[in-house]
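Step one of this worksheet: look at the structure below.
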Amino acid sequence: MKKLPNWIIILLVVALLIGSKFLFFAKKDEKSGAPNKPKTQAPVAVNYHVAQLGDYSNNVFAAGKVGAFNQVDLLPEMNGKVVSINFNEGETVAKGALLLELNNEDLKSQQQKNLLQTELAEKKLNRLKKLLDIKGVSQEEYDMQLNEVESLKSDQQFLAAQLRKTRITAPFDGVIGLRNVSVGAFVNASTPIASLVQMKPLYVEFSLPEKYSQIINKGNEISFLSEGTESSEKFTAKVYAIEPRVDETTKSIKIRAMYNGDKHLYPGSFVKVFANLGNSVNALMVPTQCVIPTLKGQKVFVVKSGIAAEVPVKTGVRTDQKIQIIEGIQPGDTLVSTGLLSVKKDSKLILKPSR
């Protein structure tokens, strides 16, 4: 059998490719020419909530911490060797009580020497004063002696101040912590001796969103729970100070309330704070799950003739289960409360009563 030339084979392959192309597009055009059947979206089954006016208690919850009005780390003001420790760890000490003493023998010797020099200089000054009255000495000589006396008295005050620095006393009433030095140790100005904490009264510090800044006031009572006590035991504190500016990062205000009770609480411990900011009448409260956050704010889905409609809303205070709607809906509107991930604008809805 005679073999076909290569150019004929190439022409046949090209012809087959062109023919298959026309056949493919013809079928595609036939399909595209068929009328598109409209797709019908299946109704979405959802629960609903009917918005109604009502009263609510404006309880706000926040995390807080207990703090001490006065607390310090005791540090020596000068270098020296510890010669006595006059406190027991964990005991209550009174303001002014001597806690620790450094070696001060050299300063006491200088002070004694200064006292003797001052005494002699004052006697000489008295003699010169009598001679000055009868013109026995010049005014200049008298003034020089007076200057020496005043200089010695200044040295005496300096030595007394240095001696006080060798004695560490309690700056306020409080409980002293664990000591970090022993008798005979050499300490400097950066050596921590112990901590001193005022245990009564204490304060509770917490933060609230800035929208509560016009509601919370000095004198308001708050209650709190401490993790270190029984879970059902609540304590009461009174607001005494409010930060006069809003934190730019958290958009919240910092508040402190004074606790003056007898229960032993540790500064630095965390607490759960409950603040009752009053009762509100005729407020439009809806379940929190009805409100959907968006890039521009918040929205809800309102049911109108079985169809979902998007409505932007403005919210107010929030409780643990409900949120106040200030603007956007009216009492009697039906809101979608479940199945929100499947609901879109103009979705058909099948309404089921909430459980």
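The values are calculated or read from the model by the stated rules, or taken from the named source; none is laboratory data. The structure displayed is predicted, hence computed values, not measured ones. Counting neighbours? That spans all protein chains shown, and the Cβs are built from the backbone with ideal geometry, glycine included.
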Legend entry - Residue tally, condition more than 14 Å from the chain's Cα centre (by Cα) and either on the phi > 0 side of the Ramachandran plot or loosely packed, with under 12 Cβ neighbours inside 10 Å (or both), over the range 239-262: 3
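Going by the structure shown, is residue 153 farther than 30 Å from residue 77 by Cβ and among the basic types (Lys, Arg)? It would help to see each step written out before you state the result.
Working: farther than 30 Å from residue 77 by Cβ: no; among the basic types (Lys, Arg): yes.
No: the conditions fail for residue 153.
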Inset, instruction - Go through the range 318-338 and give me each residue that's small (Gly, Ala, Ser) and either under 26 Å from residue 209 (Cβ atoms) or crowded, with 18+ Cβ neighbours inside 10 Å (or both). - result: 328, 337
Inset, instruction - All but one of (1) of a type in the set (A, V, I, L, M, F, W, C); (2) modelled with pLDDT under 85; (3) in a strand (DSSP E or B) hold for residue 24, so report the exception by its number. - result: (3)
Inset, instruction - Give the number of residues within the range 151-176 that are more than 27 Å from residue 110 (Cα to Cα) and in a helix (DSSP H, G or I). - result: 0
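Residue-by-condition table, conditions (1) of a type outside the set (Phe, Trp, Tyr); (2) surrounded by fewer than 16 Cβ atoms within 10 Å (Cβ to Cβ); (3) in contact (Cβ under 8 Å) with a residue 40 or more places away in the chain:
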| residue | (1), (2), (3) |
| --- | --- |
| 138 | yes, yes, no |
| 174 | yes, no, yes |
| 207 | yes, no, yes |
| 213 | yes, no, yes |
| 220 | yes, no, yes |
| 224 | no, no, yes |
Inset, instruction - Starting from residues that are charged (D, E, K, R) and in a strand (DSSP E or B), keep the ones in the range 262-319 and report whichever is modelled with the lowest pLDDT. - result: 318
